[in-house]
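All remarks here apply to the structure that follows.
The values are calculated or read from the model by the stated rules, or taken from the named source; none is laboratory data. Computed from a prediction, not measured in an experiment: that's the story for all the values here. Neighbour counts are summed over all protein chains in view; Cβ atoms, including those assigned to glycine, are modelled from backbone coordinates with ideal geometry.
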Amino acid sequence: MSNKTTIQYRQVGDYLIPNIALPPEEANITLGKWGMLRKDYLLKHKNVLFTTLLTQGKLYQYCAEVETQAQDMFDSLVEQMKATEGVTEQLKEESQLEWVCRMSNIESRAREIICDELIHT
C-alpha cells in the first residue's frame, strides 16, 4: 500500500523550491473591529496559533466567530450597565450631556471587558 504524493517544484537560481499553497479561505468574510483586533493579537502574541489557523485555512473564520461573540457581548454589557446605572431615555431627554458622558463611560468599560476576556486571551 503506497500513498505517494507528488510534489512539484520550481527552480529559483540553483535551488528547487516546492510549490506550496495555503488552502483557500472563505472569500466573503469581512472582519470588523473585534475580529481585526483578535487577528492582530494572535499575530503579535500567539504566533503558533496564528500560523496554525492560517495554514489550515481557518484564520478568518475563527476571527469572524470572535467578532460575533464580542459584538453580542458588547451589546449585552452595554444594556446591563445602562439598566444598572439608570441611564434611560428620560435622562437623555432631560440632560443630553450627562447621558452622553455616562454612555461613553459605559461603552468604554464594555470595550475593556471584551478586550480582557475575548481579544487578549
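Tell me the residue from Val87, Val100, Val78 that is of a type outside the set (Phe, Trp, Tyr), surrounded by fewer than 13 Cβ atoms within 10 Å (Cβ to Cβ) and either in a helix (DSSP H, G or I) or at pLDDT 95 or above (or both), please. I'd like the intermediate steps shown before the answer.
Details: Val87 fails: surrounded by fewer than 13 Cβ atoms within 10 Å (Cβ to Cβ); Val78 fails: surrounded by fewer than 13 Cβ atoms within 10 Å (Cβ to Cβ).
Going through Val87, Val100, Val78 in turn, the sole match is Val100.
State whether the residues of segment 43-52 include one that is at pLDDT 90 or above, out of contact with any helix residue (DSSP H, G or I) (no Cβ under 7 Å at 6 or more places or on another chain) and exposed (fewer than 10 other Cβ atoms within 10 Å of the Cβ). First the steps, then the outcome.
If we filter segment 43-52 for residues that are at pLDDT 90 or above, which is where we start, we get 43-52.
With out of contact with any helix residue (DSSP H, G or I) (no Cβ under 7 Å at 6 or more places or on another chain) added as a condition, the list becomes 44-48, 51-52.
This time we only want the ones that are exposed (fewer than 10 other Cβ atoms within 10 Å of the Cβ), so: 44, 48.
Yes, the conditions are met somewhere in segment 43-52.
Which of the numbered conditions does Thr55 fail, given that it passes all the others? Conditions: (1) at pLDDT below 95; (2) under 18 Å from Asn105 (Cα atoms).
(2)
Considering each residue of segment 32-63, count those that are of a type in the set (A, V, I, L, M, F, W, C) and more than 18 Å from Thr121 (Cβ to Cβ), and give that number. Write out each step before concluding.
Looking only at segment 32-63, we keep the residues that are of a type in the set (A, V, I, L, M, F, W, C), and these are 34, 36-37, 42-43, 48-50, 53-54, 59, 63.
Next cut, more than 18 Å from Thr121 (Cβ to Cβ) only: 54.
Looking only at that region, the number is 1.
Answer with yes or no whether Tyr9 is touching a Leu at 6+ places or on another chain (Cβ under 8 Å), surrounded by 12 or more Cβ atoms within 10 Å (Cβ to Cβ) and at pLDDT below 95. Working first, answer last.
Working: touching a Leu at 6+ places or on another chain (Cβ under 8 Å): yes; surrounded by 12 or more Cβ atoms within 10 Å (Cβ to Cβ): no; at pLDDT below 95: yes.
It is false that Tyr9 is touching a Leu at 6+ places or on another chain (Cβ under 8 Å), surrounded by 12 or more Cβ atoms within 10 Å (Cβ to Cβ) and at pLDDT below 95.
So, Ile114, is that one outside any helix (DSSP H, G or I), aliphatic (A, V, I, L, M) and surrounded by 11 or more Cβ atoms within 10 Å (Cβ to Cβ) or not? Before the answer, list the steps.
Working: outside any helix (DSSP H, G or I): no; aliphatic (A, V, I, L, M): yes; surrounded by 11 or more Cβ atoms within 10 Å (Cβ to Cβ): yes.
No; evaluated as a whole, the condition is false for this residue.
Out of all the residues in segment 90-97, is one or more in a helix (DSSP H, G or I), within 27 Å of the chain's Cα centre (by Cα) and farther than 30 Å from Asp40 by Cα?
Checked against the condition, which is being in a helix (DSSP H, G or I), within 27 Å of the chain's Cα centre (by Cα) and farther than 30 Å from Asp40 by Cα, segment 90-97 yields no hits at all.
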